[in-house]
Amino acid sequence: MSKLRKKITTHIHRAQINLAPKKTSPDVLWGELFQDVQLHRIFEDSITFADMIPAAAARQILKDYRKEREDPHFDLHDFVERHFQDIIQKGSYTTNRKHTIEQHIEELWGVLQREIPKNTGSLIGLPYPYEVAGGRFIAQYYWDSYFVMLGLAAGDHWNIVEGMVKNCVFLIRKFGYIPNASRTYNSTRSQPPVFALMVRLLADHSSKRTLVKYLPYLIAEHNFWMKGSRNLGSKRVASLHAVRMPDGSILNRYFETATAPRPESYKEDLATALRAKGRTPSRVYVDLRAGAESGWDFSSRWFKDPNDIATICTTNMIPVDLNCLMVTLEQTIADAYSTIKQNRLAQHYENLAQKRIEAIRKYCWDSHQKFFTDYNFAEEKSTGVISAAGLFPLFCNVATNEQASDVSSLVAKKLLQPGGIVTSLNQTEQQWDWPNGWAPLQWVAIQGLRNYGYKYLADEIKERWIKCNVKLYEEQGKLVEKYNVVDINSHAGGGEYELQDGFGWTNGVLLALLREET
């Protein structure tokens, strides 16, 4: 082992990663009971039962179930009602319509805060209080949290920001990575790697020594995404999250090893797999799970046929946004090593970032569209799908000036809508497509365009998004997870559940935009 590798390994060991056995997911824990509840459609969606809290030990409930179901008058819904409790909520909340939208968001921080230190049902206990998304979501979600933190920082709630970052550290030490959310059924996959952005946010508030404090966990995150990369060659081009490109460079994809329906979308995934002609169900489930890991669940970005989720092929894609965030992660690790004068290690990660930048420009730049797109490495070509993901190269300073100019032109002509940036140009039934807009993508677009000097366009997106948010707040007294940015008089649609209000990352991005100094 080289001296360089030994030093990196030492920093990983300092993280004291536990890699303890994962708490059992509800589909495994409840076995046939879980399947029966989901397949008999006891509830409107699958996530309801996955989130419920058992009133007794699993062994006893299963024993009761196997005995009682033999009764010809057995009522499954009644059995569930007697043996399970609904999800944890924090009481009712009514908007004070006299409050400004900023006052409303500040009040919501208390409403949306949870402190759940012990495992509860499928919830994984976390050591520090955290902000939830809202609606039915009461776990700490990974990439949501960064955009929530933007608003917390704007309101000077740094204790909560730091607590949520420490919760991420707790999860890294427990699993070796940050799960999709602090739910057992979300713990087999991650989400877009924004941990480096969280750490940078804290460092900008305090000092660069913060980068050093979290260095072992930044390295652990990087290792999670790069695991398997050393096994790649001409005969094996993909392993876990790592993909070897034709020129030998390594890029990343979304991937999950589990080959069963997602517990929180059990019957929905079964239905999708049944419609997927010529495909094995296990492959469909892996691609669905990888799509969930992307945070864009779901989008035509991942489909061969934009209108058919059964054609999902997420694991064949090199996502432009994922790889740009990996550049930021590698550069953040390099900055942390520079801070402690470990120049060789700093240069190592800086070299990794530079190689990745070159590969992104080579494979994710669509010269025909003059825009950044995902690359289908199985077909060795661009997907051609125009989406807001194409702005991540500007957000992460990956694009050349010429590429940024072309991106800004397409944004102004096609993606910019009355309410902000539309998610994609494909009009489908999926929530991460036309006509919906999402807070994190507005932030990425605004900051990315500013990075390359397109302040007027960035400010136009900002003003339209704020107007869209304020309009709904003034009419209904709430903020929601996504908006119809094409027709701001209509609600956003699509997705596997009803439109949720609350809403964490909408609150965070909006407050940060309202209070920023430009």
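What follows draws every value from the coordinates through simple rules; no lab data is involved. Please read all numbers here as calculations on a predicted model, not as lab measurements. Cβ coordinates were reconstructed from backbone atoms using ideal geometry, including for glycine residues, and neighbour counts include every protein chain displayed.
Its relative contact order, with pairs defined as Cα atoms under 8 Å and 6+ residues apart, puts the chain at 14 percent. Applied to the stretch 94-110, the Karplus parametrisation 6.51 cos²θ - 1.76 cosθ + 1.60 on θ = phi - 60° returns per-residue 3J(HN,Hα) values of 10, 5, 7, 5, 7, 6, 5, 5, 5, 4, 4, 5, 4, 5, 5, 4, x Hz, with x for Gly and Pro.
The charge dipole of the stretch 251-306, taken about the Cα centre with unit charges on the Cβ atoms of Lys, Arg (+1) and Asp, Glu (-1), comes to about 280 debye, rounded to the nearest 20. The amide H of R183, built 1.01 Å from its N in the peptide plane, has I124 as neighbours under 5 Å, considering only residues 5 or more places off or on other chains.
Note down the relative contact order for the stretch 374-518 as a percent, whole number, built from C-alpha pairs under 8 angstrom at least six residues apart.
Numbers: 233 pairs, mean separation 34.0, N = 145.
23 percent.
Lacking any other cysteine beta-carbon closer than 4.7 Å, the following Cys residues of the chain have no compatible partner: C168, C313, C364, C468.
Extending 7 Å from the Cα toward the beta-carbon at both Q103 and H368 defines two label points whose distance is 5.5 nm. Overall form of the stretch 152-281: oblate. Here a/c, set by the Cα gyration tensor axes a ≥ b ≥ c, is 1.5 or more, and a/b is not larger than b/c. Local charge for Y363 was computed over the other residues whose Cβ lies under 15 Å away, with Lys and Arg +1 and Asp and Glu -1, and equals 0. First measure r as the distance between the Cβ atoms of T95 and D308, then evaluate 1/(1 + (r/R0)^6) with R0 = 51 Å and state the FRET efficiency to the nearest 0.05. Taking R0 as 51 Å, the efficiency between T95 and D308 is 0.80. The mean sequence distance of close C-alpha pairs (under 8 Å, at least 6 residues apart), as a share of the length of the stretch 142-194, puts its relative contact order at 40 percent.
If you restrict to DSSP beta bridges whose two residues both lie in the chain, what percentage is antiparallel, to the nearest 5? Working shown, then result.
Working: 27 of 28 bridges.
Looking only at bridges with both residues in the chain, the antiparallel portion is about 95 percent.
For a straight C-alpha distance cut-off of 19 angstrom, the aspartates and glutamates reachable from K67 (same-chain residues fewer than eight places away being disregarded) are E32, D36, D75, D78, E81.
Taking R0 as 41 Å, what FRET efficiency do you get between T24 and Y456 from their Cβ-Cβ distance, rounded to the nearest 0.05?
Working: r = 53 Å, r/R0 = 1.30.
For R0 = 41 Å, the calculated efficiency reads 0.15.
A straight line joining the Cα centroids of the stretch 245-294 and the stretch 103-136 runs 29 Å.
Across the options P216, Y130, A445, the greatest Cα extent toward the positive end of the charge dipole of the chain (unit charges at beta carbon of Lys, Arg, Asp, Glu) belongs to P216. Given the options V509, Y285, L352, identify the residue whose Cα lies farthest towards the positive end of the charge dipole of the chain (+1 on Cβ of Lys, Arg; -1 on Cβ of Asp, Glu). Selected residue: L352. Rounded, prolate or oblate, given the Cα gyration tensor of the stretch 123-223, with a/c below 1.5 counting as rounded? The shape class here is oblate.
For a test of the definition: using alpha carbon positions, the gyration tensor, and the 1.5 limit on a/c, classify the stretch 137-185 as rounded, prolate or oblate. Display every interim value, and only then the final one.
Numbers: a/c = 2.69, a/b = 1.72, b/c = 1.57.
Prolate.
What you get for the chain, charging only the Cβ of Lys and Arg (+1) and of Asp and Glu (-1), is a dipole of about 2500 debye around the Cα centre. Any idea how far the Cα center of the stretch 504-518 sits from the one of the stretch 353-395, in Å? Measuring centre to centre over Cα atoms gives 28 Å. Taking 30 Å as the limit for the C-alpha separation, the pairs K355/K381; K413/K467; K414/K467; K213/K455 exceed it in the case of K213/K455. Adding -39500 (n - 2.57) for every DSSP H run of four residues or longer, then dividing by how many residues the chain holds, sets the calculated 222 nm ellipticity at -15000 deg cm²/dmol.
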